[in-house]
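To keep things clear, I will list the structure first and then write my remarks on it.
The values are calculated or read from the model by the stated rules, or taken from the named source; none is laboratory data. Computed from a predicted structure; not experimentally measured. Cβ: placed from backbone, ideal geometry, glycine included. Neighbour counts: every protein chain shown.
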Ligand code: CTP
Ligand code: MG
């Protein structure tokens, strides 16, 4: 399809924010944890609303957290934005969000916990899918040597680092392909893995260190330093 680049395609984004944040260990679900007075979710959504051709935003929140809690400090969301409760596993939350995304060409699944992912990363993912890939995910080269091990910890192999990428979100897909993947009933920790399993072509585009996931208290401290450095550079 030679006009794939020319035709603007409608993009739906599902922000999954329904996890509890066990490893972070805060007293509120991770997406509502504050950094410089704002929730992680608000930083994530602020970036998502700048994505080109955004047609639909779905925010998946923990059960029992209504739209008011979820959007309390999330500054203006596009008309038609939906807030839905998630499920026990991330896959369940993605499925709940996907059900609300409606008629769009491309769906992006994004972790609220990757709250500082630059808009340019979203745009690279969308561009790769618009150019014909069934899916595209941001990734970074792996800096550590990775070992494959058996149950005893004995090394069974050393994959060539040059052929490895650490992947991030947003992960973007042709909407029909992603729906088919979720309808298959398979489950995976990574949306791309589902789509790969069905034999589709998924590409890795350049990720960004700022797309790091807030997982542990150390990551939250990093987020706080990051936002503080931005505030300092504005003054
Ligand atoms: N997520 C979700 N629903 C779940 C589990 C996770 O929507 N049942 C979301 C999280 O809110 C997060 C993203 O998926 O934005 C990545 O998950 P992770 O970083 O593992 O978050 P948590 O599951 O909340 O953290 P933990 O695993 O430490 O409990
Ligand atoms: Mg988790």
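Among all residue pairs at least 6 apart or on different chains, which show Cβ distances below 7 Å where the first residue, located in the stretch 65-83, is on the phi < 0 side of the Ramachandran plot and the second is modelled with pLDDT under 80 and surrounded by 18 or more Cβ atoms within 10 Å (Cβ to Cβ)?
77/71; 83/70; 83/71
Can you spot a residue in the stretch 76-85 that is near ligand 1 (Cβ under 8 Å from one of its atoms) and modelled with pLDDT of 90 or more?
no
Which number in (1) in contact with a helix residue (DSSP H, G or I) (Cβ under 6 Å, 6 or more places away or on another chain); (2) away from ligand 2 (no atom under 16 Å from the Cβ); (3) within 27 Å of residue 53 (Cβ to Cβ) marks the one condition that residue 196 misses?
Result: residue 196 passes all but (1).
Check whether at least one residue in the stretch 32-45 is at pLDDT 95 or above, within 16 Å of ligand 1 (Cβ to nearest atom), within 30 Å of residue 132 (Cβ to Cβ) and buried (at least 18 other Cβ atoms within 10 Å of the Cβ), and report yes or no.
Yes, the stretch 32-45 contains at least one residue that is at pLDDT 95 or above, within 16 Å of ligand 1 (Cβ to nearest atom), within 30 Å of residue 132 (Cβ to Cβ) and buried (at least 18 other Cβ atoms within 10 Å of the Cβ).
In a strand (DSSP E or B) and surrounded by fewer than 13 Cβ atoms within 10 Å (Cβ to Cβ) - does that describe any residue in the stretch 185-204?
no
Would you mention how many residues in the stretch 167-184 are more than 23 Å from residue 50 (Cα to Cα) and assigned to a loop (DSSP other than H, G, I, E, B)?
Counting residues in the stretch 167-184 that are more than 23 Å from residue 50 (Cα to Cα) and assigned to a loop (DSSP other than H, G, I, E, B) gives 1.
Among (1) within 16 Å of ligand 2 (Cβ to nearest atom); (2) part of a loop (DSSP other than H, G, I, E, B); (3) in contact with a helix residue (DSSP H, G or I) (Cβ under 8 Å, 6 or more places away or on another chain), there is one condition residue 23 misses while meeting the rest; what is its number?
That leaves (3) as the condition not met.
Restricting to the stretch 53-75, name every residue that is within 12 Å of ligand 1 (Cβ to nearest atom), modelled with pLDDT under 95 and not in a loop (DSSP other than H, G, I, E, B).
The one that is within 12 Å of ligand 1 (Cβ to nearest atom), modelled with pLDDT under 95 and not in a loop (DSSP other than H, G, I, E, B): 70.
Pairs needed: first member in the stretch 221-235, on the phi < 0 side of the Ramachandran plot; second member anywhere, assigned to a helix (DSSP H, G or I) and at pLDDT 95 or above; C-beta distance under 9 Å; at least 6 residues apart or different chains.
These pairs meet every condition: 223/40; 223/43; 226/210; 227/43.
Please work out if residue 100 is in contact with a strand residue (DSSP E or B) (Cβ under 7 Å, 6 or more places away or on another chain) and surrounded by fewer than 22 Cβ atoms within 10 Å (Cβ to Cβ).
Details: in contact with a strand residue (DSSP E or B) (Cβ under 7 Å, 6 or more places away or on another chain): yes; surrounded by fewer than 22 Cβ atoms within 10 Å (Cβ to Cβ): yes.
When the stated conditions are applied, residue 100 passes them.
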